[in-house]
Amino acid sequence: MAVHTVATTVALGPAVGLSCRECGERFDLGPIFACAVCFGPLEVAYELPTGDPEALRRRIEAGPENIWRYAPLLPVPADVADKPSLNPGFTKLVKADNLARELGVSGGLYVKDDSGNPTHSFKDRVVAIAVEAARAFGFTTLSCSSTGNLAGAVGAAAARAGLASCVFIPHDLEAGKVVMAAVYGGDLVGIEGTYDDVNRFCSELIGDPLGEGWGFVNVNLRPYYGEGSKTLAYEICEQLGWRLPDQIVVPIASGSQLTKIDKGLKELIALGLVEDRPYKIFGAQAEGCSPVSRAFKDGHDVVRPVKPDTIAKSLAIGNPADGPYVLDIARRTGGAVEDVTDAQIVDAIKLLARTEGIFAETAGGVTVGVTKKLIEAGVLDPSLTTVVLNTGDGLKTLDAVAPTTGPSATIRPSLDAFRAAGLAGN
């Protein structure tokens, strides 16, 4: 098969080219995201390390406590750890025994808490990889279409890397996410419409002279950007003692995160870093934006776009690009895709906070809520090791819980008033 060449020649570690996920056509590394033959999505192809798996484990474990410990498996230059970066990753894998008791899980329940990243969401991972691609291709401005978390991650990463930034968001995002995206000094542009409208606008801007020199992390840098989510799979397995989880519950926005976690798990198996055994991947959506869940339940291979209407704005992508691939993975691994209502999302946020002291954003409420629903339905096995992803900090989505969360009482400053409130001894 012919390899299509592009003008730019770069060195990005073990990455040797781009491959079409549909037809398999190969392309040189470059700022391209769609196959010129069939218009399918492109992803990074590698020549990964070979040899003694134990030696590779030791090399990884001796690396920095961030995603760059996995540089031998990522499309980044060998000296990436020496460059200005937010250095995200290696976040806590919390053994959630209290939550497990509430849900009736006996096999071990863990929360991968990515709220500990520099801008408090998993998006720092994917943006860090995209920054290295942007540097390699000579881009001077970092950009994106975003449902909120990505905008903040791009603004912060660009500031640290010394790049300009201009990010685009739906006009009605949560106030906290808007402020966090704007504070880093780059340009923040609200677009009237949904995320899908924003994304279409960015695709048009790429082809216009106005976008010259711009790297859109989730468009023309998307093949590299997506690889950052593999580090979640790498970390989970390393933190479990280099073993696969039996079950993992992942939120679905575009679907890219879920597909790359699966890719990361398969790479670890192929490299001999973990034992090859079955695992199941479950996707989680909000009912108000659940096109993938609906397709899974209906037995369809095509994901029909919807108009989002949910408090989980970070997952509010009505036409998810990787939806069909999510369906394939859920079915191949024996998992499922499920959704929960906004009320169930709020309940799950409070449940996780009350049992484990983790304040999740709405996407984390979706994964915990779906986990609970799948256990109650007998779909998720409570006797197996299960990992649930929390991809962001609840401080970003205060509006979701504020109406039903507040002081237990407001009293006069006296002991008698405190006794009268009935809180003493609680």
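Return the residue satisfying two criteria in turn: it lies in region 294-332 and is modelled with pLDDT of 95 or more and β-branched (Val, Ile, Thr), and of such residues it is most open to solvent (accessible area, probe 1.4 Å).
Looking at residues that are modelled with pLDDT of 95 or more and β-branched (Val, Ile, Thr), I get Val302.
Can we say Glu361 is of a type in the set (Asp, Glu), under 24 Å from Gly226 (Cβ atoms) and at pLDDT 95 or above?
So Glu361 passes the test.
Among the residues of region 119-161, which ones are open to solvent by 10 Å² or more (accessible area, probe 1.4 Å), outside any helix (DSSP H, G or I) and either within 17 Å of Val183 (Cβ to Cβ) or not small (Gly, Ala, Ser) (or both)?
Result: His120, Phe122, Phe137, Phe139, Thr140, Thr141, Thr147.
Inside region 238-248, can you point out the residues that are more than 25 Å from Gly369 (Cβ to Cβ) and free of Cβ contacts under 8 Å to residues at least 60 places away in the same chain?
Matches in region 238-248: Gly241, Arg243.
Have a look at Arg243, Arg200 and point out the one that is within 25 Å of Arg277 (Cβ to Cβ) and among the basic types (Lys, Arg).
Arg243 is the lone residue from the list that is within 25 Å of Arg277 (Cβ to Cβ) and among the basic types (Lys, Arg).
Collect the residues in region 184-198 that are at pLDDT 90 or above, part of a helix (DSSP H, G or I) and under 22 Å from Ala156 (Cβ atoms), keeping them in residue-number order.
Val198
State all residues of region 372-426 that are farther than 25 Å from Val179 by Cα, open to solvent by less than 50 Å² (accessible area, probe 1.4 Å) and among the β-branched types (Val, Ile, Thr); if no residue qualifies, say none.
Ile375, Thr385, Thr386, Val387, Val388, listed by residue number.
Give me the residue from region 222-252 that is among the hydrophobic types (A, V, I, L, M, F, W, C) and over 16 Å from the mean Cα position of the chain (by Cα) and, out of that set, most open to solvent (accessible area, probe 1.4 Å).
Only one residue tops the list, namely Trp242.
Quick test of your reading of the structure: Ala62 fulfils all but one of (1) touching a strand residue (DSSP E or B) at 6+ places or on another chain (Cβ under 7 Å); (2) open to solvent by 50 Å² or more (accessible area, probe 1.4 Å); (3) among the hydrophobic types (A, V, I, L, M, F, W, C); (4) without any contact (Cβ under 8 Å) to a residue 12 or more places away in the chain. Name the failing condition by number.
Going through (1) touching a strand residue (DSSP E or B) at 6+ places or on another chain (Cβ under 7 Å); (2) open to solvent by 50 Å² or more (accessible area, probe 1.4 Å); (3) among the hydrophobic types (A, V, I, L, M, F, W, C); (4) without any contact (Cβ under 8 Å) to a residue 12 or more places away in the chain one by one, Ala62 breaks only (1).
Looking at (1) surrounded by 21 or more Cβ atoms within 10 Å (Cβ to Cβ); (2) hydrophobic (A, V, I, L, M, F, W, C); (3) modelled with pLDDT of 95 or more, can you tell me which one Ala343 breaks?
It fails just one condition, (1).
Would you say Thr50 is without any contact (Cβ under 8 Å) to a residue 12 or more places away in the chain and of a type in the set (S, T, N, Q)?
yes
If I go through region 180-218 residue by residue, how many of them are small (Gly, Ala, Ser) and under 17 Å from Leu163 (Cβ atoms)?
Qualifying residue count for the region: 7.
Scan region 346-355 residue by residue and report those that are buried (at least 20 other Cβ atoms within 10 Å of the Cβ) and among the small types (Gly, Ala, Ser).
Ala348
Suppose we filter region 82-107 for residues that are assigned to a loop (DSSP other than H, G, I, E, B) and of a type in the set (Val, Ile, Thr); how many remain?
Matching residues across region 82-107 total 2.
The values are calculated or read from the model by the stated rules, or taken from the named source; none is laboratory data. Nothing here was measured: the structure is a model prediction, and the numbers come from that model. Positions of Cβ are generated from backbone atoms using ideal geometry, with glycine treated the same way; all protein chains shown enter the neighbour counts. To get the accessible areas, we keep the full protein, side chains included, count just its heavy atoms, and leave off ligands, DNA and RNA. Shrake-Rupley method; radii C 1.70, N 1.55, O 1.52, S 1.80 Å.
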